[in-house]
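The values are calculated or read from the model by the stated rules, or taken from the named source; none is laboratory data. Everything numeric in this text was worked out from a predicted model, so none of it was measured. Quick reminder, even Gly has a Cβ in these numbers, built from the backbone with ideal geometry, and neighbours come from all protein chains shown. Side chains are part of the model used for accessible areas, which takes the heavy atoms of the whole protein and leaves out ligands, DNA and RNA. Shrake-Rupley method; radii C 1.70, N 1.55, O 1.52, S 1.80 Å.
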Amino acid sequence: MGSIRVVLAEDNLLVREGLVALLATVDDIELAGVAEDLPGLLAAVDEHQPDVVLTDIRMPPSHSDEGVRAATTLRSTHPDVGVVVISQFAEPAYALAVLEDGTKGRGYVLKDRVDDLQHLVGAIEAVAAGGSFIDEDVVDALIRSRSMLVDSPITTLTPRERDVLAEIATGRNNAAVAEALSVSEHAVEKHTNAIFAKLGLTEDSSVNRRVKAVLVYLAGERAS
């Protein structure tokens, strides 16, 4: 992959300038445009045709869910543009809102981690390549939740299968999951197939089973 063209949307001046300065230190990232609100972001995407949008979850005009709306809108208008949403919220509902149309090319990074350059660049690179990226702290919040629905299909998974699904939810492929859990890639494949079977996820040409597994995982947490 060559240089990744990025449009940044952030209404807070200090945060915006900090991100501009941070991204300027990365050789493989080109900051193509900067916006301060949702209309400006969508206009900048039309003008600059970036590979990735890096956007705050809340900004003008309503300071509510502009980042989520941007991710949803761009899925239709610019399906090849990746979106990384920066958020101060670790609650599963917010991540689910970003990912509910699919995890392809979507990322969710907590605002208190954006000064970690490797972490931020990893998210940008993942979504630019068509993958997904969910902040580890969000995944940790899901795993630690004590209020999982009793009748959720997630409860049928073994502890190891839950570990595998939690890793999948971060956007990792089987090789990366195997490395993270110190198991073989073949073992991860077996666990993944078992997860799909227990969650009732059959082959589907329109929606990747990994995407649906992540959404079941997140939806179970949101409904709990």
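Can you work out the FRET efficiency for the pair residue 115 and residue 160, with r the C-beta to C-beta distance and R0 = 35 Å, to the nearest 0.05?
With a Förster radius of 35 Å, E is 0.55.
What FRET efficiency, computed as 1/(1 + (r/R0)^6) with R0 = 30 Å and r the Cβ-Cβ distance, is obtained for residue 173 and residue 46, rounded to the nearest 0.05?
0.40
Pop the C-beta distance of residue 30 and residue 187 into the FRET formula with R0 = 35 Å and round what comes out to the nearest 0.05.
The computed FRET efficiency comes out at 0.30.
Sort 64, 87, 182 from largest to smallest accessible area, using a 1.4 Å probe on the heavy atoms of the protein chains.
182, 64, 87
Counting only the heavy atoms of the protein chains, how much of residue 30 is accessible to a 1.4 Å probe, in Å² to the nearest 10?
80 Å²
Report the net charge of residues surrounding residue 132, where surrounding means a beta-carbon distance below 11 angstrom and charges are Lys +1, Arg +1, Asp -1, Glu -1.
Surrounding charge for residue 132 is +4.
With the radius of gyration and the Kirkwood radius both derived from the Cα set of the range 1-81, what is their ratio Rg to Rh?
Reported Rg/Rh, Kirkwood definition of Rh: 0.95.
Taking Rh as the Kirkwood radius computed over C-alpha pairs, what is the Stokes-Einstein D of the range 48-132 at 4 °C in a medium of viscosity 1.567 mPa s, expressed in µm² per second?
Diffusion coefficient, whole number: 103 µm²/s.
Going by average Cβ density within 10 Å per residue, which order do the peptides 42-55, 9-22 take, highest to lowest?
Listed from highest to lowest mean packing, they are 42-55, 9-22.
For the range 1-146, just the Cα atoms, rotate onto the principal axes and tell me the three extents in Å, largest first.
That works out to 45, 30, 29 Å along the principal axes.
Distance in nm between label sites at residue 196 and residue 21, each 7 Å beyond Cα in the beta-carbon direction?
4.8 nm
Report the gain in length on full extension from residue 180 to residue 91: 0.36 nm times residue separation, minus Cα-Cα distance, nm rounded to one decimal.
Separation in residues times 0.36 nm, less the Cα-Cα distance, equals 29.7 nm.
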